[in-house]
Each structure stands twice: as structure tokens, then as C-alpha cells.
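Student: Sharing a structure here in C-alpha cells format.
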Amino acid sequence: MASSKTISTTRLTLRPPCRGDEDALFALHSDAEVMRYFSEPPWTDPERATRQVDDDAAAFERGDYVRFAIVLNETQHLIGNCTLFALHRQNRRAEIGYALQRQHWGKGYMNEALSALLAHCFDDLDLNRLEADIDPRNAASRGCLERLGFVCEGLLRERWIVGGEVCDSALYGLLRRDWKARTA
């Protein structure tokens, strides 16, 4: 998966993960409220962040998947991440995932980051379709996707079991032609 190294917006920079991100990454993924609707429980081991930074940086270089660190330009601190994964080259399709530190919710940062990621996917990577799998109870994520033009295309009942809790998945899709029509 060829991808540029950084993507810049007015308030944010999306860049590869790097050493120095560990504390902010652990803070993000150890927050039970952030992880409430994630497909894994909150992290409890700070070393997990170190391993994740190393794994993500290596995957970024290999092109296996791309997890961008979302960095606030004003402070240069990591405030979240967004991921492009499960690339199907023949079908020009991939999935996205994302997380944002709680203190930055409600400020439009995720919409800004994902807008930049979507433009990169459709314009630079020539993808035709993007998908997102979210917990249908996650109203904030649902709203973000819908503002970006994603359409709910189905519900998979009891798809995940996270921390002993059985959860459904709402599947969202966005086509390149629909994105282009919205941004033209």
C-alpha cells in the first residue's frame, strides 16, 4: 500500500508513528471511555504502546497497513490515530479505523483528520471504496462517518466479544464517486 509519509491540514498533521509517541498512545488506548466501543479492552501495560509504535512504524514502511498518528499542529502532541487497513488491491477497497483522546472530542479534529485521510485514499491511492465497522451504540462515531458521507449498509449481530461483552457491528461504506460528488 503506497502512502505518502505525512498529510497536513489546517490544525493537524497525520504522520507515521515514531518513538516519543508511546506515552500519548498509551494514554489514548488505556482510557476506558475512549476504548468503550473498540474491538479490544483498554490497555493496561505501558509496554504495549512501545510495541504498537514499533509494529505500526514497520507496517507503515512495508505497506501492510497505515496507522497515522494524528498530531495537533499547535502543540506537536499526538492526540489520536487513524488507520487504513485490510486493503484489497484488486477491488480498490480498504477499511478505516480511528481513535481520539477524550479531551479533544467535540472539536472537529476527527472529521478534519478523516477528511484528509479520505482525500488521500481516493485521490492519491486511487481507492474506489472505504469501509468502517463501528459499534452501533457509538453515536459520535456514527455521526462523524455520516457527516463524511458514509452510508450504513448493514448490521452484523453479536460480531464482537470485548471484555466479555457481546456487541453488534454497524458496517458503513463510502464510494469514491459519492465522495467526489460531495467535495466537487
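Student: Output the residues belonging to the range 1-19 that are within 13 Å of Ala119 (Cβ to Cβ), at pLDDT below 90 and in contact with a strand residue (DSSP E or B) (Cβ under 8 Å, 6 or more places away or on another chain).
Tutor: Ser3 - this is the single residue of the range 1-19 that is within 13 Å of Ala119 (Cβ to Cβ), at pLDDT below 90 and in contact with a strand residue (DSSP E or B) (Cβ under 8 Å, 6 or more places away or on another chain).
Student: Cβ-Cβ below 8 Å, separation at least six or inter-chain, first residue in the range 3-28 and free of Cβ contacts under 8 Å to residues at least 60 places away in the same chain and among the basic types (Lys, Arg), second assigned to a loop (DSSP other than H, G, I, E, B) and buried (at least 18 other Cβ atoms within 10 Å of the Cβ): which pairs?
Tutor: From residues that are free of Cβ contacts under 8 Å to residues at least 60 places away in the same chain and among the basic types (Lys, Arg), the pairs are Lys5/Pro16.
Student: Filter the range 1-19 down to residues that are part of a loop (DSSP other than H, G, I, E, B) and closer than 19 Å to Trp105 by Cβ, then give me how many there are. If you could, list the steps in order and put the result at the bottom.
Tutor: Going residue by residue through the range 1-19, those that are part of a loop (DSSP other than H, G, I, E, B) are 1-6, 9-11, 16-19.
Cutting the leftovers down to closer than 19 Å to Trp105 by Cβ gives us 9-11.
Adding up the residues that qualify gives 3.
Student: Still on this structure, please answer the following. Just to be sure I understand, how many residues within the range 72-97 are polar (S, T, N, Q) and closer than 16 Å to Leu175 by Cβ? Break it down stepwise before answering.
Tutor: First, the residues of the range 72-97 that are polar (S, T, N, Q): 73, 75-76, 81, 83, 90-91.
Then drop every residue that is not closer than 16 Å to Leu175 by Cβ, which leaves 91.
Total satisfying the criteria: 1.
Student: Look through Leu100, Leu87 and report the one residue that is modelled with pLDDT under 95, more than 16 Å from Thr10 (Cβ to Cβ) and of a type in the set (A, V, I, L, M, F, W, C).
Tutor: Working: Leu100 fails: modelled with pLDDT under 95.
After applying the criteria, what remains is Leu87.
Student: In the range 151-183, how many are of a type in the set (Lys, Arg), surrounded by fewer than 15 Cβ atoms within 10 Å (Cβ to Cβ) and closer than 18 Å to Gly97 by Cβ? Explain how you work it out, then say what you get.
Tutor: First, the residues of the range 151-183 that are of a type in the set (Lys, Arg): 157, 159, 176-177, 180, 182.
Next, from what is left, pick out any that are surrounded by fewer than 15 Cβ atoms within 10 Å (Cβ to Cβ): 157, 177, 180, 182.
Those left that are additionally closer than 18 Å to Gly97 by Cβ: none.
The number of residues fulfilling the criteria is 0.
Student: Assuming Phe85 fulfils every condition listed in (1) touching an Asp or Glu at 6+ places or on another chain (Cβ under 7 Å); (2) of a type outside the set (A, V, I, L, M); (3) in contact (Cβ under 8 Å) with a residue 24 or more places away in the chain apart from one, which condition is it?
Tutor: Single failed check for Phe85: (3).
Student: Further question: Of all residues in the range 54-84, which are over 16 Å from Leu125 (Cβ atoms) and surrounded by fewer than 22 Cβ atoms within 10 Å (Cβ to Cβ)? Even if it seems obvious, please write down each step before you answer.
Tutor: Filtering the range 54-84 down to residues over 16 Å from Leu125 (Cβ atoms) leaves 54-58, 61, 69-81.
Matches in the range 54-84: Asp54, Asp55, Ala57, Ala58, Glu61, Leu72, Asn73, Glu74, Thr75, Gln76, His77.
Student: Okay, moving on. What are the residue pairs meeting all of these: first residue in the range 133-156, first residue under 14 Å from Asp168 (Cα atoms), second residue assigned to a loop (DSSP other than H, G, I, E, B) and of a type in the set (Gly, Ala, Ser), Cβ atoms under 9 Å, and 6 or more apart or on different chains?
Tutor: If the second residue must be assigned to a loop (DSSP other than H, G, I, E, B) and of a type in the set (Gly, Ala, Ser), the pairs left are Asp133/Ser39; Asp135/Ser39.
Student: Considering only residues of the range 121-150 that are assigned to a loop (DSSP other than H, G, I, E, B) and acidic (Asp, Glu), which is surrounded by the fewest Cβ atoms within 10 Å (Cβ to Cβ)?
Tutor: Taking the range 121-150 and keeping what is assigned to a loop (DSSP other than H, G, I, E, B), we get 125-128, 135-138, 148-150.
Then keep just the ones that are acidic (Asp, Glu); that gives 126, 135.
On the way: Asp126: 10, Asp135: 20.
Filtering the range 121-150 for residues that are assigned to a loop (DSSP other than H, G, I, E, B) and acidic (Asp, Glu), the one surrounded by the fewest Cβ atoms within 10 Å (Cβ to Cβ) comes out as Asp126.
Student: Limited to the range 20-39, what total is found for residues that are in a loop (DSSP other than H, G, I, E, B) and either among the hydroxyl-bearing types (Ser, Thr, Tyr) or touching a strand residue (DSSP E or B) at 6+ places or on another chain (Cβ under 8 Å) (or both)?
Tutor: Residues in the range 20-39 being in a loop (DSSP other than H, G, I, E, B) and either among the hydroxyl-bearing types (Ser, Thr, Tyr) or touching a strand residue (DSSP E or B) at 6+ places or on another chain (Cβ under 8 Å) (or both): 3 in total.
Student: Kindly check whether there is at least one residue in the range 42-52 that is in a strand (DSSP E or B) and either more than 20 Å from Cys144 (Cβ to Cβ) or touching a residue at least 24 places away in the same chain (Cβ under 8 Å) (or both). Break it down stepwise before answering.
Tutor: The initial filter retains those residues of the range 42-52 that are in a strand (DSSP E or B), namely none.
Looking for residues that are in a strand (DSSP E or B) and either more than 20 Å from Cys144 (Cβ to Cβ) or touching a residue at least 24 places away in the same chain (Cβ under 8 Å) (or both), one finds none in the range 42-52, hence no.
The values are calculated or read from the model by the stated rules, or taken from the named source; none is laboratory data. Bear in mind the structure is a predicted one, so any value in this text is a computation, not a measurement. Methodologically, a virtual Cβ is constructed for each residue, glycine included, from the backbone with ideal geometry; neighbour enumeration extends over all protein chains shown.
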